[in-house]
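Colleague: Take a look at the following structure, please.
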Amino acid sequence: MRTCIGVALMHAAASGQHAFTVDADFPGGNLIVQRLDGDAVYVRQDLRDTKGDWFYWCFRVRGAAGRKLRFHFTGSNVLGVRGPAASIDGGATWAWLGRRTVRDKSFSFAFPEKAADVRFAFAPPYVEANLSAFLQRHARNTHLKVDTLCTSGKGRTVELLRLGKLDGQPDHRILLTSRHHACEMMASYALEGILAAVLASDADGQWFRRHCEFLVVPFADKDGVEDGDQGKNRKPRDHNRDYAGTSIHLEVAAIRKLVPAWARGRLRFALDLHCPYIRGSHNEVVYFVGGPSQAIWGRVKQFSRILEAGRTGSLPFHARNNLPFGKSWNTGKNYAQGKSCSRWTAEQPGIWLASSIEIPYANASGQPVTPASARALGRDLARALRLFLEEPKSGSHAEAAEPAEEWQEAENGAPARTVRAAVRRSEHFPSR
């Protein structure tokens, strides 16, 4: 959401029925409305300070109850593999519309008679309001402390969470970060799943609270999340390339100052959660991204085997899909602009595993990615983390891992038919 002219526009149209408005003037909103022609709306995503192209958009329509509209994107194809996500209750619940609503670079929607506020997005948004709802559900949990990392460049509070063993010396310290790229919202739902597992009353939650202290930065680009920015390839510097020299982003500078003082040599596990590109075989699987350290890569592979063997959620994970350093886009050239968060955490004293994970926006090996399935992946990650931390760690153990395999093509199933036309059948999935 931005209020300056040309960024968050509101338009009204009347075509013999009644006026309707299209705007992005709310947290996470992103759209430029170019023109309206009867029941056709011509729009494009707002790239703002993005270098090159990207694909995030999110907008609402009011006053269109009973009408059928078609939305035409005039730039690149920004409709994902399951079509747009839609909400008929003002953003409380979301569903994939499916590809059958899509034609080329446009999609259509028949507005229910009583739908006063309908929202559409590239994928289900996750902003401060979503995090606040999660924190409110756990407000009485004494093993969760909500703090402030810093104040953003636009004066917003940047949340910092501490949870797990908050009294005394923990055996392990764990750092979790998300939204270095503002648009990568499905990572936030997975992060919620991890946090919920740490706070749960079951055996895993109890173990974490006896042995581990977590430091969590849910929004590493808070202004970008709330403003609805792309975030990826931001000019003059991407948040996730700001971990060398003097950081220009306040959140990154605060992380670099806080983490070493907090960890005190006990940072064992650091995970930065991301989402990949819009579509394509390598972008429709869950995978870890490797760094130059072969010792750490061996532990990533160890963790991956645990995660694959113990998966209980619907989103498949196969260790063979992991991306070693030096393969595909994961080369030194990709980091020419600066150091990433995971490469910085890999340098911290005492670290066992530092990596980033890519969680698809809509399709993971043929299964639908939703807030619920992403949270379930988070719970699987938490369970794997406990087992990983309980296993012995040594240089010889890491070196015993088999050599890095070639990054293989993933199995790409067709989108599940059961989610098509989900809004029409009221098969919603909650976003908060």
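Colleague: What residue among R162, R299, R35 shows peak mean-square fluctuation when the chain is described by a Gaussian network model with Cα springs under 10 Å?
Modeller: R35
Colleague: Here is a follow-up. Using the Karplus equation 6.51 cos²θ - 1.76 cosθ + 1.60 (θ = phi - 60°), what ³J(HN,Hα) coupling, rounded to whole Hz, does each residue of the stretch 310-317 give in order, writing x for Gly and Pro?
Modeller: x, 4, 10, x, 7, 7, x, 9
Colleague: Something else: Which number do you get for Rg(Cα) / (2.2 N^0.38 Å) in the stretch 93-152?
Modeller: Normalised Cα radius of gyration, the stretch 93-152: 1.72.
Colleague: Let me ask something additional. Only Cα pairs within less than 10 Å get springs; with that Gaussian network setup on the chain, which residue of S152, S373, S188 has the largest fluctuation?
Modeller: Between S152, S373, S188, it is S152 that shows the largest mean-square fluctuation.
Colleague: Take each of the peptides 194-205, 173-184, average the number of other beta-carbon atoms within 10 Å over its residues, and list them starting from the highest.
Modeller: Top of the packing list down: 173-184, 194-205.
Colleague: Would you tally the net charge around A116, using a Cβ to Cβ cut-off of less than 12 Å, leaving A116 out, and scoring K and R as +1, D and E as -1?
Modeller: +1
Colleague: Taking a 29 Å limit on the Cα-Cα distance, which of the listed pairs K235/K257; K154/K339; K235/K333; K68/K154; K105/K327; K232/K257 fall beyond it?
Modeller: Over 29 Å apart, Cα to Cα: K68/K154; K105/K327.
Colleague: If you don't mind, another one. If you wrap a convex hull around the Cα atoms of the stretch 11-125, how much volume per residue is inside, in Å³?
Modeller: For the stretch 11-125, the hull spanned by Cα atoms encloses 96 Å³ per residue.
Colleague: Given the options G168, G350, G280, which has the most mean-square fluctuation in a GNM of the chain, springs set between C-alpha atoms less than 10 angstrom apart?
Modeller: It is G168.
Colleague: When 1/r is averaged over all different Cα pairs and the result inverted, which Kirkwood radius in Å belongs to the stretch 267-386?
Modeller: In the stretch 267-386 this quantity evaluates to 14.6 Å.
Colleague: Count the DSSP beta bridges whose two residues both fall in the chain, then state the antiparallel fraction as a percent rounded to the nearest 5.
Modeller: 65 percent
Colleague: Right, here's the next one. What is the ratio of the Cα radius of gyration of the chain to 2.2 N^0.38 Å, with N the residue count, to two decimals?
Modeller: That works out to 0.97 for the chain.
Colleague: Then there's this: For K222, give me every one of the aspartates and glutamates with a C-alpha distance below 14 angstrom, ignoring sequence neighbours fewer than eight places off in its own chain.
Modeller: E128, E159, E184, D238, E251
Colleague: How large is the helix-only mean residue ellipticity at 222 nm for the chain, computed as the sum of -39500 (n - 2.57) over DSSP H runs with n ≥ 4, divided by its residue count, in deg cm²/dmol to the nearest 500?
Modeller: -7000 deg cm²/dmol
Colleague: Length gain on complete extension for the stretch R264 to K51, per 0.36 nm per residue less the alpha carbon to alpha carbon distance?
Modeller: Contour length minus the Cα-Cα distance gives 72.9 nm.
Colleague: Okay, next question. List every residue whose amide H lies under 5 Å from the amide H of G28, counting only residues 5 or more places away in sequence or on a different chain, with H placed 1.01 Å from N in the peptide plane.
Modeller: D227, G228
Colleague: Also: Calculate how steeply helix 371-390 sits against the longest principal axis of the alpha-carbon atoms of the chain, using the helix alpha-carbon long axis, and give the answer as 0 to 90 degrees to the nearest 10.
Modeller: 0 degrees
Colleague: Please identify the chymotrypsin sites (Phe, Trp or Tyr not before Pro) of the stretch 184-217 that satisfy two criteria: DSSP loop assignment and at most 13 other Cβ atoms within 10 Å. Which are they?
Modeller: Hits after loop and neighbour filter: nothing returned.
Bear in mind these aren't lab numbers, they're just calculated from the coordinates by the rules spelled out. Keep in mind that this is a model prediction, so the values were computed, not measured. Counting neighbours? That spans all protein chains shown, and the Cβs are built from the backbone with ideal geometry, glycine included.
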